[in-house]
Amino acid sequence: MKILVTGGAGFIGSHVVRRFVNTYPQYTIHNLDKLTYAGNLANLKDVEDAPNYKFIKGDINDKEFLLSLFREEQYDGVIHLAAESHVDRSISGPDAFIQTNVVGTCNLLGAALDIWKNSMTGKRFYHVSTDEVFGSLGAEGKFSETTKYDPRSPYSASKASSDHMVRAYSHTYGMPVVISNCSNNYGSHHFPEKLIPLIINNIKHKKPLPVYGKGENIRDWLWVEDHARAIDVIFHQGVSGETYCVGGNNEWKNIDVVKLICKLMDEKLGRNAGESEQLITYVTDRPGHDARYAIDATKLKTELGWEPTQPFDLLLSKTIDWYLQNEKWLNEVTSGDYMKYYENQYNR
Ligand code: NAD
Ligand code: DAU
């Protein structure tokens, strides 16, 4: 099989590329990535010389480039992760989200259809999406594959649009697609604009820990390597045309996650108990902040046998160790443009 992974230099994409390159030496894995601020080839140092791996720098917004790439390489499968992924950035600038997440996805679908139109046998287009397309939950209930779409941020609306286009290609052209909608991931190589790596980095530097609103919003945290394993299972065993919800069965209020990281880091850094918690700073809430996400992943468990690894505190501790041991990685991604973004976001 020749598989094109898009967005493979990003957080989740790099875990997916690593898993596929190492687990399937008989496959050829191409990683197409524009290398935006969120894409980092240092995430894939350990596989960059593997004989079954190739990096291609390119933009999914470039339709002609995609058409000629697909004609030349004749891919059997696509695992599409490339996206603008940060909700706060979508609020301050939605255009890039519409362009890459909606138009870019359509360009990829068009390029795949162009080479597969005469025979779809053995082909697969896997679209990696988010639970945010379902909107915001109250205190009860969970999102599942039958939940109605109700996206509420420019990011989630752009991902919802792309999900609809992928389904349209399945219904209209018979393209063999699968979609998964996953909850919040955490783990190594996560860009520190997102809550968990941002808090780890700020505790390390004794900087204020920005908590939006009252910190009571709830997220369902999933270890990124479990997500990569789910993507592997769904890519190989998922039924064409189907959707799978992926989640950690692991709901936490933001403030409790932040306090847990503080506790673990005080122990690891030899600081006094309670020292890092004093850095917690409540800041202006995110506009339209979704209250709660939670996933019911029963379908994935009963039909494809996938379950998340537990427990959270152990995997979070392992995650913190990775950031503490990979100071160079953290310093490189938090210099330059990142500092400008950080100042705009938190000092407005
Ligand atoms: P990320 O921001 O870390 O990585 C995105 C990658 O896409 C980067 O490498 C970037 O360079 C690349 N990219 C962006 N625009 C591109 C373009 N125009 N052409 C080619 N490459 C481009 O994102 P992530 O957190 O790893 O998320 C990956 C996917 O998973 C996204 O589609 C996201 O919506 C989805 N998702 C993320 C989470 C999460 O918790 N992070 C949860 C569920 C679903
Ligand atoms: O649910 C899946 C989604 O999870 C993915 O589709 C997105 O790509 C990913 O970014 C993530 O979205 P969130 O908005 O939930 O993640 P983020 O890490 O930005 O925020 C997590 C929670 O923490 C959220 O309720 C907002 C809050 N938060 C975030 C930041 C950056 C803070 O309180 N302070 C912060 O500084």
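The values are calculated or read from the model by the stated rules, or taken from the named source; none is laboratory data. Worth saying up front: this structure is predicted, and the values here are computed from it rather than measured. When we count neighbours, we look across all protein chains shown, and the Cβ atoms used for this are built from the backbone with ideal geometry, even at glycine. Note: areas computed on protein heavy atoms with side chains; ligands, DNA, RNA excluded. Shrake-Rupley method; radii C 1.70, N 1.55, O 1.52, S 1.80 Å.
Points to keep in mind about this one:
- With the charge dipole of the range 96-184 set up from +1 on Lys and Arg Cβ and -1 on Asp and Glu Cβ about the Cα centre, the Cα lying farthest toward the positive end among the listed residues Q99, F125, S153 is that of F125.
- Formal net charge of residues neighbouring T309 (Cβ-Cβ distance under 11 Å; K, R +1; D, E -1): -1
- Charges were assigned to the Cβ only: +1 to each Lys and Arg, -1 to each Asp and Glu. The resulting dipole of the range 227-347 about its Cα centre is roughly 40 debye.
- Translational diffusion coefficient of the range 30-96 (Stokes-Einstein, Kirkwood radius from Cα pairs, 25 °C, 0.890 mPa s): 177 µm²/s.
- Contact order for the range 215-290, expressed relative to its length and based on alpha carbon pairs under 8 Å spaced 6+ residues apart, stands at 34 percent.
- For the range 150-172 versus the range 1-77, the inter-centroid distance based on Cα atoms is 23 Å.
- In the range 1-106, the GluC sites (Glu not before Pro) that fall in loop regions by DSSP, at most 15 other Cβ within 10 Å: E48
- Alpha-carbon spread of the range 297-348, three principal axes, descending order, Å: 46, 28, 17
- For the range 202-316: accessible area per residue (Å², 1.4 Å): 44 Å²
- Checking every one of the trypsin sites (Lys or Arg not before Pro) in the range 46-138 against DSSP loop status and a limit of 15 other Cβ atoms within 10 Å picks out K117.
- P(r), alpha carbons of the range 118-253 - 5 Å bins starting at zero, rounded %: 2, 9, 16, 19, 19, 14, 9, 6, 3, 2, 1, 0
- Summarising the strand pairing of the chain, around 10 percent of its internal DSSP beta bridges are antiparallel.
- Two-decimal Rg/Rh across the range 240-348, once Rg and the Kirkwood Rh are taken from alpha-carbon atoms: 1.03
- Convex hull of the range 59-98 built on C-alpha atoms - directionally averaged projected area, nm²: 3.4 nm²
- The C-alpha atoms of the range 111-195 occupy a region whose extents along the principal axes are 47, 32, 22 Å, arranged from largest to smallest.
- Principal semi-axes in Å for the range 122-172 [√(5λ), Cα gyration tensor, largest first]: 23, 13, 9
- Charge-dipole axis of the chain as Lys and Arg at +1 and Asp and Glu at -1 on Cβ define it, positive-most pick from Q237, S90, I29: S90
- Its residue count N fixes a reference of 2.2 N^0.38 Å for the chain, and the Cα radius of gyration divided by that reference is 0.97.
- Ellipticity estimate at 222 nm from DSSP helix runs (n ≥ 4, -39,500 (n - 2.57)) divided over the chain, nearest 500: -12500 deg cm²/dmol
- With DNA, RNA and ligands ignored, accessible area of E267 (1.4 Å probe; Å², nearest 10): 120 Å²
- Each 5 Å bin, from zero up to the one with the longest distance, holds this percent of the alpha carbon pairs of the range 38-155: 2, 9, 15, 17, 18, 16, 12, 7, 3, 1, 0.
- Note: the range 240-294, Cα convex hull, 131 Å³ per residue.
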